[in-house]
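Let me begin by presenting the structure, written as structure tokens, before commenting on it.
The values are calculated or read from the model by the stated rules, or taken from the named source; none is laboratory data. Just so it is clear, the model here is predicted, and its values are computed rather than measured. Cβ placement follows ideal geometry from the backbone for every residue including glycine, while neighbour counts extend to all protein chains displayed. Note: accessible area is taken over every heavy atom of the protein model, side chains too, but ligands, DNA and RNA are not part of it. Shrake-Rupley method; radii C 1.70, N 1.55, O 1.52, S 1.80 Å.
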Amino acid sequence: MFPLIILYLSLTILRPQDYLPSLAGFPLLPIVLAMALLAWMASRYKTFGAPHFVLLPVFMLALMMSEVANGWIGGAIEQLSGFAPVIVAFAILAAGVSASQKRVSATFAVFALCSCVLALHGVEQKHLGVGWTGMGLSEDGRIQYVGIFNDPNDLGLLFVTAVPMAVYMAGRSRFLMRLVWLAGTCLLLYGVYLTNSRGAMLALLMEGGVYIWMRRGMVVAGMLGGIGLVAMRMLSSRMDELDAGEESAAGRVDAWYEGLHMFTSHPLFGVGAGNFTDYNYLTAHNSFILVLAETGFFGYVTWLALVGYSFLMLRQVLRHQPSEEVLHEHGIDWPAEKTIARTLLLSLCGLFTAAFFLSRSYTVILYLTLAIVVGAYVGIRRRVPDLPPMRLGRSWWTWVPAAIGSIAFFFVLVAVLLHSE
């Protein structure tokens, strides 16, 4: 099971099926996923010990209901066929990762290595004008890849998610491999620079700020974060244009405004998954507002809970301190478990900072990353019996006021930004 789902993860990132003529039209990903599903069904590592295993099917239901509520029953079938494989991949990857620390490390290594391959493609693209996939630079000279990464912003989101994993691998490797992983980290950072994605650069800044906050406190993190923001504005011309009045930023703010208007006109089930651009010429450029506009309050609460529980799981691990008796009895390497949780927390901070400026609410990479989080958490709970479980039944209602508060925040934010243009 685990080798097959790791192969699926690799193919999802590397995407040879999107540029090799011999694989054109061949359903490579569905076949690998089907084989992984069969292996998962026979595996003893099946697990459903996290709220996500309920929330994901409910969110798929929200996607389907958003289409039905807007008069397109066929759209519900389309959402089912499109999102069901994501749920399957999520369950299998989470189960595979949960087995051991070694599998978490192996998943980090594969994710980071595949991302480094895409960064190398970007370096070749930047110097030769075209990469080995046949894909050239974007119109504004930014690197891009094929398939789901044919947008520089998507590529940047992938790189910032992989950076903490590469750093983790460097930290646990010996001298030569440490140098290799440090070189890979530098390559990913250079890849972010070549994407010239403002969201990705802010995500890197967020990762660094959160790490320093955990190590040195908020004051030091804030000071160094300010210095980092100044440095990024000097390195990137697009970062230097970062204000609400700049044309691209203004277009995003207008899209956020339109998304909130779609929500107020279709508050319960939204305007329908995938229908945002039917109402506005630009997509939402914000994953939270996209879900809110397209699936309404029902879908938004569910999606927000999916994201929120992922962060809460990692926070719970980082704050927990097992008793000495438990550590000794079960032979637990607690510092190693906390390092895994810290790595995933940084990846999530980077991922959702970038997603705040992109419409990537349904992309498979987001859910595969959440699967790694859930699998790591379930595995840690299996190895550390006194780590309290996180149960949906006890806390599901808290996401309703959290959703209301976040929606109010978006209304205030958009009002302020529109006033400042």
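The figures follow:
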| item | result |
| --- | --- |
| Simple spin-label estimate for Arg215 and Thr398 in nanometres, 7 Å along Cα-Cβ | 3.0 |
| Sequence ranges 297-307, 273-283, ranked by mean other-Cβ count within 10 angstrom, highest first | 297-307, 273-283 |
| Fully extended contour minus Cα-Cα distance, from Phe175 to Glu329, at 0.36 nm per residue | 52.2 nm |
| Carbon plus sulfur fraction of accessible area for the stretch 355-421, probe 1.4 Å, in percent | 72 |
| Three-way shape call for the stretch 1-125 based on the alpha-carbon gyration tensor, with the a/c threshold at 1.5 | oblate |
| C-alpha center-to-center spacing [the stretch 267-315, the stretch 165-215] in angstrom | 29 |
| Accessible surface of the stretch 76-149 [probe 1.4 Å, protein heavy atoms]: carbon and sulfur percent | 64 |
| Spatially proximal lysines relative to Lys46 (Cα-Cα < 19 Å; intrachain offsets below 8 disregarded) | Lys102 |
| Kirkwood hydrodynamic radius over Cα pairs of the stretch 253-397, then Stokes diffusion coefficient at 37 °C and 0.692 mPa s, in µm²/s | 195 |
| For the chain, the longest site-free run once trypsin sites (Lys or Arg not before Pro) in DSSP loop states with at most 11 other Cβ atoms within 10 Å are removed | 175-390 |
| Distance between modelled label sites at Ala336 and Ser22, nm, 7 Å Cα→Cβ extension | 3.9 |
| Tail weight of P(r) past 17 Å, computed on alpha-carbon pairs of the stretch 1-47, percent | 37 |
| The stretch 66-106, accessible area per residue, ligands and nucleic acids excluded (1.4 Å, Å²) | 39 |
| Accessible surface of the stretch 158-197, 1.4 Å probe, proportion on carbon and sulfur as whole % | 71 |
| Average accessible surface area per residue within the stretch 157-222, 1.4 Å rolling probe, Å² | 48 |
| Per residue, in Å², the accessible surface of the stretch 244-393 once ligands and nucleic acids are set aside, probe 1.4 Å | 35 |
